[in-house]
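Everything on this sheet refers to the single structure shown next.
The values are calculated or read from the model by the stated rules, or taken from the named source; none is laboratory data. Bear in mind the structure is a predicted one, so any value in this text is a computation, not a measurement. Note: ideal-geometry Cβ built from the backbone for every residue, glycine included; neighbour counts use all protein chains shown. Surface areas here come from the heavy atoms of the whole protein model, side chains and all, with no ligands, DNA or RNA. Shrake-Rupley method; radii C 1.70, N 1.55, O 1.52, S 1.80 Å.
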Amino acid sequence: MSRPQPLSGFPELLPRQRIVEQQVVDHLRRAFELHGFANLQTRAVEPMDQLLRKGETSKEVYVLRRLQADDSETTGDDALGLHFDLTVPFARYVLENAGKLNFPFRRYQIQQVWRGERPQSGRYREFWQADIDIVDLGELPAHYEVEVALVVADALRGLPLPKLRMHVNNRKLSQGFYQGLGIRDTEEALRIIDKLDKIGHDAVAKLLIDTVDATPEQAEACLRLASISAEDTSFVEEIRALGVSDPLLDEGLNELAAVVAAAAAEAPGFIVADMKIARGLDYYTGTVYEVFIEGQEHLGSVCSGGRYDKLASDGKHTYPGVGLSIGVSRLLVPLLQSGALDATREVPTCVLVALANEDERPAANALAQRLRARGIPTQVSPSAAKFGKQIKFADKRGIPFVLFVNEEGTQIKDIRSGDQTTIDVDAWNPPAEDLHPHIVTE
């Protein structure tokens, strides 16, 4: 068999990189649970008609198809696709289980998703996401739009990551502004503005003129709005100064100001109001969020989401919600590949029990089990090689301690410092920082 080649867009991490990923996921899980979010896991597939409800997504969906499927089949597996996010599955889950859930319902979900994108730095075809959402029955108070931003700020703040900034806007604000200008197709205008960072000022202006019949003056006003940003509520007066009025604009300004004011008080420096953030997907109706790594904005947003009022509805009841999705892989993989993040060792093992000869393996296994019983990750040497080779085995993996028995008793050796002491196996504990591997930054 020839040597296999990696598939682009499907990142596979080395053991020490995986340790970093696991610890980040565990940290996010703890942070979400501290804020009262319950965990869910949904199936990997959804009906195609549900997956295609979210807007411009048809090119991104992987279809689930049996190898021997009949081309004439239009139902069954051929009508299923792998989920490309966790929001659409969550909306379906809420509808299916509404009678068993207590509202407002707070959930977090950390799973893999699949998206048919062109692989590039920070964008993958298989990746991990970590989502939080708050959904209510009928009405969802606006204060939850503040809360989810603060939850994510709290979760990300405790990680050894480069500086992150959350950029926020409000769809009502933007659409109300466009309405006040006289632009009819405000949703298409939003999708065009969402392309600003990718295609630039002039191309966006041309698209607005060609696609939504904006006049050059209207297009320029839209771009002036998109240029406004602020770390406090001063953006309100800047937008008012543009001279556009509309009730929906007023509503959006008030809601966005509440989010920015609360974040400025509780997470200073984390949030900036940014009028070019549009989130082109159809279902967003209120506050929208995007988080970027400062200085590495080319990677795109590593966390995004927003308010949605109509994604989940059974015709009789509507379940509005607000949520944010952290792109765990998009955030971590580039940092891991560049060496900006690493783990202190590539295995969980804290102690290696050395062997003088193979006859001692049962006794070594018993020693290892006594340490494990007290929560100390331990393994026995794979062979009774020379002691120096066993130390080298531990050193290559980052295992800090080697345990062995000699005429002086049971001894532990810190292979980093060379310190060696006689211990009571049932009383000795490693330093807290050595018990488990931890994340380090360059």
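General remarks:
- Summed over segment 191-220, the residues that are touching a Ser or Thr at 6+ places or on another chain (Cβ under 9 Å) and either among the small types (Gly, Ala, Ser) or assigned to a loop (DSSP other than H, G, I, E, B) (or both) give a count of 1.
- Where a residue in segment 205-225 is open to solvent by 10 Å² or more (accessible area, probe 1.4 Å) and its partner, wherever it lies, is in a loop (DSSP other than H, G, I, E, B) and among the acidic types (Asp, Glu), with Cβ under 9 Å and at least six apart: THR211/ASP185; VAL212/ASP185; ASP213/ASP185
- A single member of ALA155, ALA130 is within 19 Å of the chain's Cα centre (by Cα) and outside any strand (DSSP E or B), and it is ALA155.
- Taken together, the residues in segment 268-313 that are of a type in the set (A, V, I, L, M) and open to solvent by 20 Å² or more (accessible area, probe 1.4 Å) amount to 1.
- Once segment 228-278 is narrowed to residues that are among the polar types (S, T, N, Q) and outside any loop (DSSP other than H, G, I, E, B), the residue that is nearest to GLY180 (Cα to Cα) is ASN254.
- Only listed residue being at pLDDT below 95, closer than 18 Å to VAL347 by Cα, open to solvent by 40 Å² or more (accessible area, probe 1.4 Å) and part of a strand (DSSP E or B), chosen from VAL440, VAL405: VAL440
- Within segment 381-397, residues that are more than 16 Å from ALA364 (Cβ to Cβ) reach partners that are surrounded by 14 or more Cβ atoms within 10 Å (Cβ to Cβ) with beta carbons closer than 8 Å, at six or more positions or on different chains, in the pairs ASP395/ILE415; ARG397/ARG345; ARG397/GLU346; ARG397/VAL347; ARG397/THR349.
- PRO334 meets each of the listed conditions (1) under 26 Å from GLY182 (Cβ atoms); (2) open to solvent by 10 Å² or more (accessible area, probe 1.4 Å); (3) not hydroxyl-bearing (Ser, Thr, Tyr) apart from (1).
- Residue in segment 108-121 that is among the aromatic types (Phe, Trp, Tyr), under 17 Å from the mean Cα position of the chain (by Cα) and farther than 20 Å from GLU33 by Cα present: yes
- With respect to (1) of a type in the set (D, E, K, R); (2) open to solvent by 40 Å² or more (accessible area, probe 1.4 Å); (3) farther than 19 Å from TRP128 by Cβ, the lone exception for ASP342 is condition (3).
- Residue count for segment 164-182, restricted to those that are open to solvent by less than 10 Å² (accessible area, probe 1.4 Å) and not aromatic (Phe, Trp, Tyr): 8
- In the set (1) more than 29 Å from TYR308 (Cβ to Cβ); (2) open to solvent by 80 Å² or more (accessible area, probe 1.4 Å); (3) modelled with pLDDT of 85 or more, the condition left unmet by LEU34 is number (1).
- Subset of segment 133-142 that is touching a residue at least 60 places away in the same chain (Cβ under 8 Å) and open to solvent by 30 Å² or more (accessible area, probe 1.4 Å) - its residue that is nearest to the chain's Cα centre (by Cα): ALA142
- Yes/no for TYR308 being at negative phi, over 21 Å from the mean Cα position of the chain (by Cα) and either of a type in the set (Phe, Trp, Tyr) or in a strand (DSSP E or B) (or both): no
- Positions within segment 406-420 being of a type in the set (Val, Ile, Thr) and under 20 Å from ALA363 (Cβ atoms), in sequence order: THR410, ILE412
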